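Working notes, beginning with the structure itself.
The numbers here are math on the coordinates, done by the rules we state, and not lab data. All of these numbers come straight from a predicted model, not from anything done at the bench. All Cβ positions, even for glycine, are placed from backbone atoms using ideal geometry, and neighbour counts span all protein chains on display.
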Amino acid sequence: MKFTMKWWLALAALLAVIAALLYVFLRPTEPTYQGTSLNEWLGKLDSTTVFDAHGELTATNHAAAAALRAMGTNSLPLLLERLRMKRPEANSAPGNAFARPDPVKNPTDADLLERCDQALAAFAMLGPIAAPAVPQLVALLQESNYTSVATIALAGIGPAAHPALLQALNHTNGELQVSVALRIGFYQEKAAFAVPTLIALLSNQSTNVRVQAAYALGQIKSLPDQTIPALIKALADPDPYVNDLAATALSQFGTNAAAALPALQQLLTRPNQETFRKKLLGLAIQRITDTGKAARP
């Protein structure tokens with residue numbers, strides 16, 4: 001039997017229709033709560049201020065958080081899909097240069113970023129309820145384009161995700177270590193579980209890893225008895241950028257980091273010290289001494 005080109009085209013069209021129907025009927029149904037869809041609840045989130053200074057949900061997010069928790073694990077497929085959204089290609093069609101795209105059919109970069117932020121906020125609100133998503137987030141962690149969002153989502157889940165984050169910090173891939181260290185401090189004191197590992201990374205062979213470890217320790221601001229001595233030691237690191245981040249991190253501890261003042265003063269008065277570095281060190285000393293005036297060389 002001889003198959004013509006027309007036959008092959010008809011078969012391809014039929015297979016495309018079958019695939020489309022399978023997608024429509026087999027894809028997970030979007031969960032709802034009180035008659036409102038998950039996407040609509042996510043749209044109600046204030047992703048810029050999920051928690052207040054005390055780690056409690058802001059008042060504007062109480063209703064959305066209750067809805068997310070009620071939908072529970074049913075919300076995870078859509079949340080994971082939002083984290084993986086691709087940037088849209090530029091619209092090159094003539095005559096559309098000033099047309100505002102439909103934010104649903106043709107989302108802009110800003111729309112996609114907002115949707116991703118809403119998903120990250122949702123993971124934080126779900127906390128341990130989102131633990132079943134840990135394996136997918138760990139896989140996402142390995143993809144360089146998604147390491148940052150995966151790190152923030154995992155940290156938001158809580159203790160169930162801590163082993164995965166610690167494993168990433170101890171990975172042999174320096175770029176992965178840097179990216180995770182850069183983002184893990186997002187949750188500040190809630191990321192205290194990572195402090196011992198970050199302290200160990202201050203001795204890593206990679207300058208970038210040491211820099212980001214110091215930065216994260218300053219963000220987390222926890223376990224001062226362990227963190228402050230380690231950061232003081234980092235002030236003697238041969239790389240000046242590690243010195244800078246260690247000084248800035250120490251300043252986050254305020255007067256509790258007074259033991260760092262001699263080493264900071266020594267760096268400040270080092271010959272040929274660059275002007276911007278003198279300002280940074282002076283500001284760190286000011287914050288630690290709480291004198292209200294920046295230290296001068």
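Peptides 121-133, 270-282 ranked from most to least packed, by the mean per-residue count of other Cβ atoms within 10 Å: 121-133, 270-282. Each listed q (0.14 Å⁻¹) maps to a log10 I(q)/I(0) for the range 159-201, found by the Debye formula over equal Cα scatterers with no solvent: -0.26. Modelled label positions at Leu57 and Tyr241, each set 7 Å beyond Cα in the direction of Cβ, lie 4.0 nm from each other.
Could you tell me the calculated FRET efficiency between Asn145 and Asn256, based on Cβ-Cβ distance and R0 = 35 angstrom, to the nearest 0.05?
Working: r = 39 Å, r/R0 = 1.10.
FRET efficiency, Asn145 to Asn256: 0.35.
Quick check: residue separation of Ala66 and Asn272 times 0.36 nm, minus the Cα distance between them. What number comes out in nm?
On the way: separation 206, 0.36 × 206 = 74.16 nm, distance 5.74 nm.
So the chain would gain 68.4 nm between Ala66 and Asn272.
Potential lengthening of the chain between His162 and Thr49 amounts to 38.4 nm, from the contour at 0.36 nm per residue minus the alpha-carbon distance.
The phi torsions of the range 114-123, fed into the Karplus equation with coefficients 6.51, -1.76 and 1.60 and a -60° offset, translate into couplings of 5, 5, 5, 4, 5, 5, 5, 4, 5, 4 Hz, rounded to whole numbers, with Gly and Pro shown as x. Full extension of the chain between Lys279 and Asp111 yields a length gain of 56.6 nm, computed as 0.36 nm times the residue separation minus the alpha carbon distance.
Rounded to the nearest Hz, the phi-derived 3J(HN,Hα) couplings of the range 136-151 under the Karplus curve 6.51 cos²θ - 1.76 cosθ + 1.60 (θ = phi - 60°) are 5, 5, 5, 5, 5, 4, 7, 9, 4, 6, 10, 4, 5, 5, 5, 4, where x marks glycine and proline. Each label point was placed 7 Å from the Cα along the Cα-to-Cβ direction; for Ala13 and Glu40 their separation is 3.8 nm. How large is the translational diffusion coefficient of the range 99-225 in µm² per second when you combine the Kirkwood radius over alpha carbon pairs with Stokes-Einstein at 4 °C and 1.567 mPa s? Value of D from the Cα-based Kirkwood radius: 85 µm²/s.
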